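Worksheet for the structure shown next.
The values are calculated or read from the model by the stated rules, or taken from the named source; none is laboratory data. Quick caveat: nothing in here was measured; it's all calculated off a predicted structure. As a convention, Cβ positions derive from the backbone with ideal geometry for all residues, glycine included, and neighbour counts pool all protein chains shown. With ligands, DNA and RNA removed, areas are computed over all heavy atoms of the protein, side chains included. Shrake-Rupley method; radii C 1.70, N 1.55, O 1.52, S 1.80 Å.
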Amino acid sequence: MTLLTLKNLSISHHNTPLLASVSLAIEHGDKIGLIGASGAGKSVLSLAMMGLLPPNFQISGTMQINGEAVDLTDDAIMRYRRGTDLAIIFQDPRLALNPIKPVAAQIAEAAELALGVSRVVANDMALDSLARVGLDHGIIAPDSLPDMLSGGQCQRVMIAMAIIGKPKLLIADEPTTSLDTVTQAEILALLKQLADEDHMALLMISHDLAILAQTVDQMHVLDQGKLVDHAASPPFAKTLTHRQSQQLIEASRLDIAPPPVASDPNHRADQDIILAADHISVTYASGFNVFGIADSNKPILRDISLTLRRGECLGLVGTSGAGKSTLMRVLLGLERPQQGKVRLAGDVVDPKRMTSAMQRRISAVFQDPNSAFNPRHSVRRIIAEPLGLLNNNMPQNMTDQAITEKVAQALESVGLTADMMHRYIHAFSGGQRQRIAIARALITNPEVILFDEATASLDTLIRKQILALISDLVAANNLSAVFISHDLAVIRAICHRVMVLEDGQCVESGETEHIFHNPQHAATRRLLHAIPTSMT
């Protein structure tokens, strides 16, 4: 008997159609991929199947589980189904987990709700489930809070919570988007292993065909709320023929090339260096005695040195916890290293001595613009805020008209229109928000921009557009850029040189193509091996 059947499922919100007549059949043990660009309706479909859509969504069509009709709008019925018939893993485990509750207790709570077992039994089940996903006592303490764990460990906790009720179908909604490629490969292998062990069906949702191809046996393509293509078996790149499918396949192949670095023969090489870090070391307190004094220190960065030339893009790559974001904070002057110095155009970067002129010369674009922007401010105010570096607040020597013109110019430089400045950030897609973040970084005419995982949360179509935009801006403005990523494929598309970090140390550096063709360190080889390339 078919495990789950969707027939003509349609969903709308405030008369806006989100899904249109979606029909889908999932058999026991199936591994099915669902792919689509941002806004295609993937997450809406997964939430609808779990009965988690808010009541103001209009739903029509039917869903059957083992031949029995299920009312998706009846929360009491869906509570009975969740955890045993269906379970879900969300994209961002840190948002899904309770930040103030130990992870084992959260898993035990899921067992109590899904299976109705006692607290003692649920606690034992939680420990067993953690062990199944590779998080036994030797890896984490059961009373660990989510913020004590890495991103990959938090996702394993979510998987342990999802499988504790032995569900017949596990829905994984973008489960690896924010993970480094090595951890991503481990999570994909774990999901496939668990599905095989429990004869559990798996519905993998992603925007990246190369990722799905490693895990699933058949593929569905969703576009603007409609299922437009289906491949019953690999090779998917050959059997998916719809225009949207081909666009997604093409977007998975990053063929962007970094622009050549301009050089002035009249200048010495050292005069071309705009940013330099010399022997940077950072340690954090990791233990405190009864008097609240740190009794141990954990090294985060160890003797890191780098140089960045004018017009050059340098890639910093490494797995989670390698020290990439800490190094970025040091380069931006947001954190002072215990040892070493950072120089920007020859001036020492010190958090306590950063002049307005120095602050204007270096900007940053972060992974999640939602976290970086105030949702109550208009786009005009968001982009114009860095201009306040000219004075303590908004520049008094610039008229409103001058500010508006500068914001308009910044928006147009990233492919948006000037009239968008009067909207609020919630009105934009993920790719548009990242363009706004880049416009904000450009507003002070900086010489250096640091990109921290700036494309990690974007679908492959938008990622390729943003990478091309960054490459064009670097060339047009003779900008220098540091591009931080966990994905060497992205680094290769945009960076002239690359540094590989592991455990706070630089283990390898050199020209990007040389690193790709002749990696010397085991950490680099692991990152290269983990790049999803197969679309078969």
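For region 166-204, which positions are in a loop (DSSP other than H, G, I, E, B) and surrounded by fewer than 20 Cβ atoms within 10 Å (Cβ to Cβ)?
Pass one, region 166-204, residues in a loop (DSSP other than H, G, I, E, B): 166-168, 174-180, 199-200.
The answer is LYS166, THR177, HIS199.
Condition check ((1) among the β-branched types (Val, Ile, Thr); (2) outside any helix (DSSP H, G or I); (3) modelled with pLDDT of 85 or more; (4) open to solvent by less than 80 Å² (accessible area, probe 1.4 Å)) across all residues:
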{"position": "ALA364", "(1), (2), (3), (4)": "no, yes, yes, yes"}
{"position": "GLN367", "(1), (2), (3), (4)": "no, yes, no, yes"}
{"position": "SER371", "(1), (2), (3), (4)": "no, no, no, no"}
{"position": "PRO375", "(1), (2), (3), (4)": "no, yes, yes, no"}
{"position": "GLU385", "(1), (2), (3), (4)": "no, no, yes, yes"}
{"position": "ASN397", "(1), (2), (3), (4)": "no, yes, no, no"}
{"position": "GLN401", "(1), (2), (3), (4)": "no, no, yes, no"}
{"position": "GLU405", "(1), (2), (3), (4)": "no, no, yes, no"}
Point to revise | Candidate set: region 77-124, residues that are farther than 17 Å from GLY152 by Cα and of a type in the set (Asp, Glu); chosen: the one surrounded by the fewest Cβ atoms within 10 Å (Cβ to Cβ) | key: ASP124
Check your understanding: Which members of region 135-144 meet the condition of being under 26 Å from the mean Cα position of the chain (by Cα) and crowded, with 16+ Cβ neighbours inside 10 Å?
Key -> LEU135, ILE140, SER144
**Study point:** Failed item, numbered, when ALA489 is tested on (1) crowded, with 23+ Cβ neighbours inside 10 Å; (2) within 17 Å of ARG463 (Cα to Cα); (3) not basic (Lys, Arg)
**Key:** (1)
Check your understanding: What's the number of the condition ALA427 fails, among (1) open to solvent by 40 Å² or more (accessible area, probe 1.4 Å); (2) among the small types (Gly, Ala, Ser); (3) in contact with a strand residue (DSSP E or B) (Cβ under 9 Å, 6 or more places away or on another chain)?
Key -> (3)
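Output the residue which, of all residues in region 54-76 that are of a type in the set (A, V, I, L, M) and open to solvent by 30 Å² or more (accessible area, probe 1.4 Å), is nearest to GLY29 (Cα to Cα).
Initial filter on region 54-76 (of a type in the set (A, V, I, L, M)): 59, 63, 65, 69-70, 72, 76.
Going one step further and asking which of them are open to solvent by 30 Å² or more (accessible area, probe 1.4 Å), we end up with 59, 69, 76.
On the way: ILE59: 27, ALA69: 20, ALA76: 27 Å.
Checking each candidate, the answer is ALA69.
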Review point. Which residue out of LEU528, LEU469, LEU458 is crowded, with 22+ Cβ neighbours inside 10 Å, closer than 30 Å to SER38 by Cα and out of contact with any Ser or Thr (no Cβ under 7 Å at 6 or more places or on another chain)?
Key: LEU458
Check your understanding: In region 263-288, what residues are surrounded by fewer than 11 Cβ atoms within 10 Å (Cβ to Cβ) and either within 21 Å of ALA322 (Cα to Cα) or at pLDDT 95 or above (or both)?
Key -> GLY287
Practice item. Answer yes or no as to whether ILE491 is in contact with a helix residue (DSSP H, G or I) (Cβ under 7 Å, 6 or more places away or on another chain) and either farther than 21 Å from VAL182 by Cα or part of a helix (DSSP H, G or I) (or both). Key: yes
**Study point:** Which numbered condition PRO351 fails, given (1) within 25 Å of ASP272 (Cβ to Cβ); (2) open to solvent by less than 60 Å² (accessible area, probe 1.4 Å); (3) more than 27 Å from the chain's Cα centre (by Cα)
**Key:** (1)
Review point. What is the residue count in region 510-524 for residues that are crowded, with 19+ Cβ neighbours inside 10 Å and outside any helix (DSSP H, G or I)?
Key: 1
Check your understanding: Could you count how many residues in region 1-51 are out of contact with any Leu (no Cβ under 8 Å at 6 or more places or on another chain) and either among the charged types (D, E, K, R) or in contact (Cβ under 8 Å) with a residue 24 or more places away in the chain (or both)?
Key -> 12
Exercise for review: Could you list, in sequence order, all residues of region 229-247 that are in a strand (DSSP E or B) and either in contact with a helix residue (DSSP H, G or I) (Cβ under 6 Å, 6 or more places away or on another chain) or hydroxyl-bearing (Ser, Thr, Tyr) (or both)?
Suggested key: ASP229, ALA231
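Would you mind finding the one in LEU331, LEU306 that is open to solvent by less than 20 Å² (accessible area, probe 1.4 Å), part of a strand (DSSP E or B), under 22 Å from VAL474 (Cβ atoms) and at pLDDT 90 or above? Break it down into steps so the answer makes sense when it comes.
Values: LEU331 fails: part of a strand (DSSP E or B).
Just a single option satisfies the conditions, and that option is LEU306.
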